[in-house]
1. Pull out all pairs, ordered by first then second residue, where Cβ-Cβ is under 6 Å, the residues are six or more apart or on different chains, the first lies in the range 217-238 and is within 20 Å of residue 277 (Cα to Cα) and free of Cβ contacts under 8 Å to residues at least 40 places away in the same chain, and the second is within 16 Å of the ligand (Cβ to nearest atom) and of a type outside the set (D, E, K, R).
2. Taking the range 132-171, which residues are within 17 Å of residue 348 (Cβ to Cβ), in a helix (DSSP H, G or I) and away from the ligand (no atom under 16 Å from the Cβ)?
3. If a residue must be farther than 29 Å from residue 294 by Cα and not hydrophobic (A, V, I, L, M, F, W, C), how many such residues does the range 222-249 contain?
4. Return a yes/no flag: does the range 111-122 have any residue that is among the hydrophobic types (A, V, I, L, M, F, W, C), within 23 Å of residue 176 (Cα to Cα), part of a loop (DSSP other than H, G, I, E, B) and not assigned by TED's automatic domain parsing to the domain that holds residue 22.
5. Counting only residues that are surrounded by fewer than 17 Cβ atoms within 10 Å (Cβ to Cβ) and among the polar types (S, T, N, Q), how many does the range 26-82 have?
6. Considering each of 84, 108 in turn, give the residue that is touching a residue at least 60 places away in the same chain (Cβ under 8 Å), within 30 Å of residue 220 (Cβ to Cβ) and either within 16 Å of the ligand (Cβ to nearest atom) or among the hydroxyl-bearing types (Ser, Thr, Tyr) (or both).
7. Answer yes or no: is there a residue in the range 30-39 that is touching a residue at least 60 places away in the same chain (Cβ under 8 Å), outside any loop (DSSP other than H, G, I, E, B) and not assigned by TED's automatic domain parsing to the domain that holds residue 317.
8. Can residue 81 be described as assigned to a helix (DSSP H, G or I) and either in contact with a Lys or Arg (Cβ under 7 Å, 6 or more places away or on another chain) or at positive phi (or both)?
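The values are calculated or read from the model by the stated rules, or taken from the named source; none is laboratory data. Since this is a predicted model, take the numbers as computed values, not measurements. With ideal geometry, Cβ positions are generated from the backbone for all residues, glycine too; neighbour counts draw on all protein chains shown.
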Amino acid sequence: MARIVTRVEYDVVRILMVINIWWLGVKLYKNPRTAYKVVKRLISNFQDMIGNKKLVRAFEIEGKYSWDMFNPAWPTPGFNTFFTSHLQEIKPTDQSQLGLRRLLIAITKRCPLACEHCSEAGTLYNNDVLSCEEFVSRIDKYVKQGVGQLIYSGGEPLSRFNDLITLISRYKLRCDQWIYTSGFGLTLEKAHQLKQAGLNGAAISLDNHVEQNHNMFRGSSKSFFWVHDAVKNLQEAGVLVALNVCPTKTYIESAGVEELIELAKKWNVQIVNLLEPRAVGNYQDQDVELNVAHKDRLKKISDQFNFDRAYLNYPTVLYPAGYRAAKACGGGISYLFLDYDGTLYPCPFCKVKMPEIQQKAALCEA
Ligand code: SF4
C-alpha cells in the first residue's frame, strides 16, 4: 500500500528529483549551465500549469516516489528516460530526437463491458489484429527513441492477459508502465502477476459512487464489485492505484464527484483522475460536453484537494483538462496513441492523422 509523503520528506524528494533531472541535462547537453537553464524552464512550465501552487502530497511505494499518474515514479529508469525526452522537447540536441515521452497502446478491442460513454465503440469487440511480436517491434522503436512511460489500454487490456504480461516484463527495466482498466476479473493472483512483471500503476474506471448507477453506466451488474476488488488486490500487490472518473453533467451538478472522492479516500486510493466526457464513440453527436460552470467546478475541486493541507488525507485529484488554459494538450507532441491495428493517433479521442504525427511516425519507422 502506498504511503502519503508530506512536508520535509516531500521537499527533500523534490530537490533530489530536480538535481536528478539537471544531471540528465548535463549528460544530454554536455554543459551544466545549459542543463540548468532547460531544467529551470521545465520547472517554470510546470509551475505555470498548476498556477504556481504547491502540491501537498506525494506517495511512496517500495522507496519510489510518485506525485501523479502522468510522471514516472522517482528514482526509476522510466523517470530518467521520460525526463531526458522532456528536456529534448524543450531544447532538442538534434532534429531526429522526438521528445516523445508517453505511448498509449490499445492492445485489444475485446471487452466484457458495454459502457454508455465508450469512445472506442466503433471498433470495440473486433478481433485482435497485431500479434504480441508485432506490438513489440513497434513499441521497441519508441522506447529506443526515448519513450519513458507506456500505458496499456483497450478495449480491456486484461482481456489479453498473457500478452500484457509479456509486454510489461519486456519494458520493466526501461519504462514506467500503467494499465487503464475496468478492473474486471483482476483477481489477487493476477495483481501479483502484474506486479511481478513490472507494472507500476493501474487506473481503474469508476464513474459513480453508487454501485447500481455505476453498473448501469458500464452495462454490467458486476462492474462495481470488480472495481473495488481490483483496487484491493492491486494495493495488496504493491501497485499504485488511481481511479479514472468520467463525470457527466448531471453527476457534477448533484455533487457526485465529491462523493466519489470520499469513497476513494475510504478505499485508500491515492489518485482520482477526472476525465471530461467527449462527443465521440457512443456519445457521438450527443450534448455531453461540459460547460464552463461544470469545468470551473471540477477545477475548484481539483485545487481544493491538491493544494489545501486541510485535505491532506484525501487522494490527489487530477483534472488534466483544467490545465489546458496554461498548457496545450500534448497529444501528438509528447505522447501518441497506438491503436490495436497499428494506426497512430494523437490521442484516443482525436482520431485524426495530423501531418506532424505522420512525420514523427515516419521518423520512428526509420
Ligand atoms: S469504455 Fe472501456 S471498459 Fe467500457 S466498453 Fe469501452 S473499452 Fe470497454
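1. Matching pairs, first to second residue: 224/214; 224/215.
2. 135, 138, 139, 142
3. 7
4. At the first step, the residues of the range 111-122 found to be among the hydrophobic types (A, V, I, L, M, F, W, C) are 111, 113-115, 118, 121.
This time we only want the ones that are within 23 Å of residue 176 (Cα to Cα), so: none.
Checking the range 111-122: not a single residue is among the hydrophobic types (A, V, I, L, M, F, W, C), within 23 Å of residue 176 (Cα to Cα), part of a loop (DSSP other than H, G, I, E, B) and not assigned by TED's automatic domain parsing to the domain that holds residue 22.
5. Qualifying residue count for the region: 6.
6. On the way: 84 fails: within 30 Å of residue 220 (Cβ to Cβ).
From the options 84, 108, the qualifying one is 108.
7. We begin by selecting, within the range 30-39, every residue touching a residue at least 60 places away in the same chain (Cβ under 8 Å); these are none.
No, the range 30-39 contains no residue that is touching a residue at least 60 places away in the same chain (Cβ under 8 Å), outside any loop (DSSP other than H, G, I, E, B) and not assigned by TED's automatic domain parsing to the domain that holds residue 317.
8. Values: assigned to a helix (DSSP H, G or I): yes; either in contact with a Lys or Arg (Cβ under 7 Å, 6 or more places away or on another chain) or at positive phi (or both): yes.
Yes; evaluated as a whole, the condition is true for this residue.
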